[in-house]
Amino acid sequence: MDGHFVPNLTFGQPVLKQIAQSTDIPLDVHLMVTNPENYFSFLSDINAKYVSFHQETVYHSHRTIAAIKELNMKAGIVLNPATPINTLRHLLNDLDFILLMSVNPGFGGQKFLPLVYDKLDELKPLIADKKIEIEIDGGVTSYNSQELIHRGANILVAGSYIFSGNYSQKIENLRKI
């Protein structure tokens, strides 16, 4: 988060570099920033695996996707809750994953917007013959995760849910799904 595309800030490159050096878990970096291409080289250097950007932040999505892939990272586009699925139609052959926001980006702890269920239902048939993963971010809990998976999501981001109590118990609740 850069304080421009969304009003909040998050930890910067030095912290992300330390995280990358401390784990073998693949890094999934969701860029909520203007000019996301300014971060690609750094993300490649720290071996990020997944990189997604908001469709609204670039003029040429195809170029941005290609720039990510040229650095051997998986490319994804993020759709805000009000951004229609049909805006992806001409990008589907180039994407590795799609991140659907189920809250408005920029702040943790927001309530899940059920409209994402309809977006999943609309997206699923469009990618049925493609190897595109679907990620959901925002308001994901043990209460809605099963329905999200049932409708086609296979990557769930559950930050506030996990950090709002006993971490290990919350993670275990999600793994049971």
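Taken together, the values in this text are just the output of simple stated rules run on the coordinates, not laboratory data. None of the values given here were measured: they were computed from a predicted structure. Here the Cβ is made from the backbone with ideal geometry for all residues, glycine too, and neighbour counts use every protein chain on show.
Dipole of the chain computed with +1 at Lys/Arg Cβ and -1 at Asp/Glu Cβ about the Cα centre; of VAL6, ILE127, ILE149, farthest Cα towards the positive end is ILE149.
Among the lysines of the stretch 13-175, pairs at least eight places apart or on separate chains and with Cα atoms under 27 Å apart come to 25. Each Lys and Arg adds +1 at its Cβ and each Asp and Glu adds -1 at its Cβ; summed about the Cα centre, the stretch 13-175 shows a dipole of about 80 debye. For the pair ASN86 and LYS130 in one chain, pulling the backbone fully straight at 0.36 nm per residue adds 14.2 nm over the alpha carbon distance. Residue exposure proxy: SER52, SER44, ordered by other Cβ atoms within 10 angstrom of their Cβ from fewest to most, comes out as SER44, SER52. Once both labels are positioned 7 Å from their Cα atoms along Cα-to-Cβ, the gap between THR10 and ASN35 label points is 1.9 nm. For LYS119, LYS131, the sequence from fewest to most other C-beta atoms within 10 Å is LYS131, LYS119.
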